[in-house]
Amino acid sequence: EDFLATTPSPAMQINLKVGAKNDGSLCAIQAEVFSNLGAYGFGHGGMVAGVLGGTYKWENLKIDTYEVQTNTAPIGAYRAPGAGQAALAIEGHINEIVRRLDLNPIEYRLKHIAEAGDPTGFGRPWPNLGSRNCLEALQKSDAWQNRQTNECEGYGLAITAWYMATGSADAICRIDTDGSIGIELGHVDITSNTSAFVLIAAEVF
């Protein structure tokens, strides 16, 4: 019933190599990504490349993505197709560099994190990007500064960014004879979009 009513996220194989200098400076990333689209899945390789190659600043980048249609259930996205897999791959490498060189994981990311204007993994410049703000807020937080690790509890750190589609959007707003306002939108209610649009309409009217 789950497979009939929804679409699973894509099965994915990511072969990833990261080049870093002895001081930890990131110099290259190379990735080969194979993604199972299922029978009727939609393409998302560009967005996966964006996460792999766009979270940090790279001097050199080569990412090849392959999307394969198979006789299996079609894939879809609950949120950001392939982003979780790509983030797991790149952040695993970043954490390995940090461990091997005994570096501070937040300071290391702050040094290399992508910012507004830097290219994403598929070439477009990042718009306003909050990655640095998130890391700086975490760095100052009591939860991070007072963290303690024992046999039952540990702390991990990972960050990623997602390039949202941009463009025009339209809505139909209609005032009915009883004075109520109807709003027609073509969207999926994710993270309370519907509530947000109601608030916007209420403010405007």
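The values are calculated or read from the model by the stated rules, or taken from the named source; none is laboratory data. Keep in mind the model is a prediction, meaning the values are calculated, not measured. We place every Cβ from the backbone using ideal geometry, glycine too, and count neighbours over all the protein chains shown. When the accessible area is computed, the model is the full protein with side chains, heavy atoms only, and any ligands, DNA or RNA have been set aside. Shrake-Rupley method; radii C 1.70, N 1.55, O 1.52, S 1.80 Å.
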Output for Cβ contacts, cut-off 8 Å, separation at least six or different chains, first residue under 11 Å from Thr55 (Cα atoms) in the range 126-139, second surrounded by fewer than 18 Cβ atoms within 10 Å (Cβ to Cβ) and of a type in the set (Gly, Ala, Ser), reads Trp126/Ala116; Trp126/Gly117; Leu129/Ala116
Which fully enclosed helices (runs of 4 or more DSSP H) of the range 69-167 have 3 or more residues being open to solvent by 30 Å² or more (accessible area, probe 1.4 Å) and hydrophobic (A, V, I, L, M, F, W, C)? 131-140
Hits in the range 170-193 (condition: under 30 Å from the mean Cα position of the chain (by Cα), modelled with pLDDT of 80 or more and open to solvent by 70 Å² or more (accessible area, probe 1.4 Å)): Asp170, Glu184
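Given the structure, is Gly53 open to solvent by 20 Å² or more (accessible area, probe 1.4 Å), out of contact with any His (no Cβ under 9 Å at 6 or more places or on another chain) and either touching a residue at least 60 places away in the same chain (Cβ under 8 Å) or in a strand (DSSP E or B) (or both)?
Working: open to solvent by 20 Å² or more (accessible area, probe 1.4 Å): no; out of contact with any His (no Cβ under 9 Å at 6 or more places or on another chain): yes; either touching a residue at least 60 places away in the same chain (Cβ under 8 Å) or in a strand (DSSP E or B) (or both): yes.
It is false that Gly53 is open to solvent by 20 Å² or more (accessible area, probe 1.4 Å), out of contact with any His (no Cβ under 9 Å at 6 or more places or on another chain) and either touching a residue at least 60 places away in the same chain (Cβ under 8 Å) or in a strand (DSSP E or B) (or both).
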Answer yes or no as to whether Ser9 is among the hydroxyl-bearing types (Ser, Thr, Tyr), open to solvent by less than 10 Å² (accessible area, probe 1.4 Å) and in contact (Cβ under 8 Å) with a residue 12 or more places away in the chain. no
Considering only residues that are more than 17 Å from the chain's Cα centre (by Cα), outside any loop (DSSP other than H, G, I, E, B), small (Gly, Ala, Ser) and within 27 Å of Gly76 (Cα to Cα), which ones fall in the range 2-50? Ala5, Gly38
